[in-house]
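Since the structure comes first, as structure tokens, the remarks are kept for the end.
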Amino acid sequence: MNRRDFLKAAAATTAAIPFLGNANPAFSKQSHMSEGPQVSRRELPNTGISLPLLGYGMMRLPTAGNKIDYEKGRALVHRAMKAGINYFDTAYMYHGGQSEKFCGDILSEFPRDSYYLASKLPCGGFKSEADNERVFNDQLQKCKTDYFDFYLLHNMNNWAWKNALEKKSVDFLIKMQEQGKIRKLGFSFHDTYQVLEKIASYRKWDFTLIQLNVLDWDTYFAKEQYEVLTKLNIPVFVMEPLRGGRLARLTPEATNILKAANPNASCANWAFRFVASLPNVKLVLSGMTHMEHLVENIDTFNNFKPLDENEQKTLKLAMEAYFKRGVIPCTNCKYCVPCPAEIDIPRLLTIYNEYQMNKNKGQFKSTYGNIKPDSRADQCEECDKCIKKCPQKINIPEELKKVAELYKTI
């Protein structure tokens, strides 16, 4: 399916998308505290489950120092629940292991039947079969729950999938599902669409979480991944709809194109609507760190309206303008750290991208200068360990050379 076919398909299927609007059907978990605008919902096929179209990703919670800021995080969760955002996605490694505990502490303030909880098994790094039960039980304890509504094999790629099979992680999770400790079983994914098809065809998965956004649609084969899952009738859940926030802050040229078409819509609004306009997308995750982002996203997903054909064309023009700036496709997921050389990789790539977008030499020089000399880009030892850990397959050492050279020239 090329972009032209996508435009036609999106327009033709808009009326057929199973929106549930702001309703809370009897079979759906309800927040018990609905207040104000509610996010639209979609039904997970053949399950009787109604999901909020916008889910809460718990990887980028507000922090104070190296710890999650419970006061701010609690306020965000309560505000989300009021808007019907009752799907919370965490993982064993998020926030250095703190995210699951935060979910257990804060979500236990609500009835268990009022929210959906999702977590993930980091089986790609398991050394033995015993790790499956040890980690899973630890997660249940930290999350203060007897079961997970949704559960995933975490960060599947070709190597991690082989390890999951060797360590019997798939068999273990199927057993947990049979025991009722997992309600819906799926996997999250970062690799080629060919590898995705191999894993997706292994069994009948309840859902799959993939990275999908307007930047990746044509450039990083998100379109092909979406088509693989749709062909296999596997519901698509979406992570990184804003590419780690990158699509919320486009270049001036790209932003001006979008603002000319709709002065009241933010860049994030356009990016979210692109993803959620796809009929087989049932849930879009967003890691909302700040209250203003949460409020804006509630407005986007309240009475959600898919992009029409003209809006799709406008967004395409904006992305063409964006690509001309040469930004690095980093999502700030921080999987590349800690670095053996103690280089602050995510921060350095972010600083570089900010410069590419605003060309502010003074800001770049000042921000880069605040980084400790032994954590700067020119200290890279090119061990390549970060490349293996990067979900985006970025050649980080080569990109760090660009950052170092830019600082020299400025």
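Read the figures in this text as sums done on the coordinates, not as results from a lab. Model, not experiment: these values are computed from the prediction. For neighbour counting, all protein chains shown are included, and Cβ atoms are generated from backbone atoms with ideal geometry for every residue, glycine included.
Can you sort M93, M156 from fewest to most other Cβ atoms within 10 Å of each residue's own Cβ?
Details: M93 18, M156 26.
In increasing order of surrounding Cβ atoms, one gets M93, M156.
Just rank R60, R42, fewest to most, by other beta-carbon atoms within 10 angstrom.
Working: R60 20, R42 23.
Ranking R60, R42 by Cβ neighbours within 10 Å, fewest first, gives R60, R42.
Output the peptides 127-136, 191-200 sorted from most to least packed, where packing is the average of other Cβ atoms within 10 Å over each peptide's residues.
191-200, 127-136
List the residues, sorted by chain then number, that are 5 or more residues from Y116 or on another chain and whose placed amide H is less than 5 Å from its amide H.
Amide H neighbours of Y116, under 5 Å, 5+ apart: Y87, F88.
Build a GNM of the chain with springs between Cα atoms under 10 Å: which of N46, N360, N332 gets the top mean-square fluctuation?
The residue with the greatest mean-square fluctuation here is N46.
Go ahead and estimate [θ] at 222 nm for the chain from helices alone: -39,500 (n - 2.57) per DSSP H run with n ≥ 4, summed, over the residue count, rounded to 500.
Numbers: 17 runs with 176 residues, N = 410.
Calculated from helices alone, the mean residue ellipticity at 222 nm is -12500 deg cm²/dmol.
Short version: ³J(HN,Hα) in whole Hz for each residue of region 67-79, in order, from phi by Karplus 6.51 cos²θ - 1.76 cosθ + 1.60 (θ = phi - 60°), x for Gly and Pro, what are they?
Calculated HN-Hα couplings, in order: 10, 5, 7, 5, 5, 5, x, 4, 4, 5, 5, 5, 5 Hz.
At 20 °C and 1.002 mPa s, what whole-number value in µm²/s does Stokes-Einstein give for the translational diffusion of region 345-409, with Rh from the Kirkwood sum over Cα pairs?
For these conditions, the coefficient is 176 µm²/s.
Efficiency by 1/(1 + (r/R0)^6): what FRET value for A341 and K162, r their Cβ-Cβ distance, R0 = 30 Å, to the nearest 0.05?
0.55
Normalising by the residue count of the chain, find the relative contact order in percent from Cα pairs under 8 Å and 6+ residues apart.
Taking the mean separation of contacting Cα pairs over the length of the chain, I get 15 percent.
May I ask you to work out the translational diffusion coefficient for the chain at 4 °C, viscosity 1.567 mPa s, via Stokes-Einstein with Rh from the Kirkwood sum over Cα pairs, reported in whole µm²/s?
Numbers: Rh = 22.0 Å.
My calculation gives 59 µm²/s for D.
Put a dot 7 Å past each Cα toward the Cβ at T47 and E129; how far apart are the dots in nm?
2.9 nm
If amide hydrogens are placed 1.01 Å from N in the peptide plane, which non-local residues have theirs closer than 5 Å to the one on V284?
Correct list: L54, G55, V238.
Can you give me the distance in nm between label points at E178 and N66, each placed 7 Å from the Cα along the Cα-to-Cβ direction?
Taking the simple label geometry, E178 and N66 are separated by 4.2 nm.
Are there trypsin sites (Lys or Arg not before Pro) in region 342-410 that DSSP puts in a loop and that have at most 14 other Cβ atoms within 10 Å, and which ones?
Those satisfying the criteria are K359, K393.
Using Cβ counts within 10 Å as a stand-in for footprinting exposure, how do C390, C123, C330 rank, fewest first?
So the ranking, lowest neighbour count to highest, is C390, C330, C123.
Indicate, rounded to the nearest 5 percent, the antiparallel portion of the DSSP beta bridges found entirely in the chain. Before the final figure, lay out the partial values.
On the way: 8 of 37 bridges.
Here the antiparallel bridges make up roughly 20 percent for the chain.
Between E35 and K144, what is the FRET efficiency for a Förster distance of 25 Å, r being their Cβ-Cβ separation, to the nearest 0.05?
That pair, E35 with K144, gives E of 0.50.
List the residues, sorted by chain then number, that are 5 or more residues from L153 or on another chain and whose placed amide H is less than 5 Å from its amide H.
Here the answer is L121, G186, F187, S188, since their amide H atoms fall under 5 Å of that of L153.
Quick one: P(r) of region 65-224 from all Cα-Cα pairs, 5 Å bins, percents rounded to integers, in order of increasing distance.
In order of increasing distance, the bins hold 2, 8, 17, 19, 19, 15, 11, 7, 1 percent.
Given the options G96, G55, G104, which has the most mean-square fluctuation in a GNM of the chain, springs set between C-alpha atoms less than 10 angstrom apart?
For the chain, modelled as a Gaussian network with Cα springs under 10 Å, the answer is G96.
Just E227, E309, E398 to compare: in a GNM of the chain, with alpha carbon springs under 10 Å, which one fluctuates most?
Among E227, E309, E398, the largest GNM mean-square fluctuation belongs to E398.
Taking Cβ-Cβ under 4.7 Å as the only way to count a partner, pick out the unpartnered cysteines of the chain.
Cysteines lacking a close Cβ partner in the chain: C103, C123, C143, C267, C330, C333, C339, C380, C383, C390.
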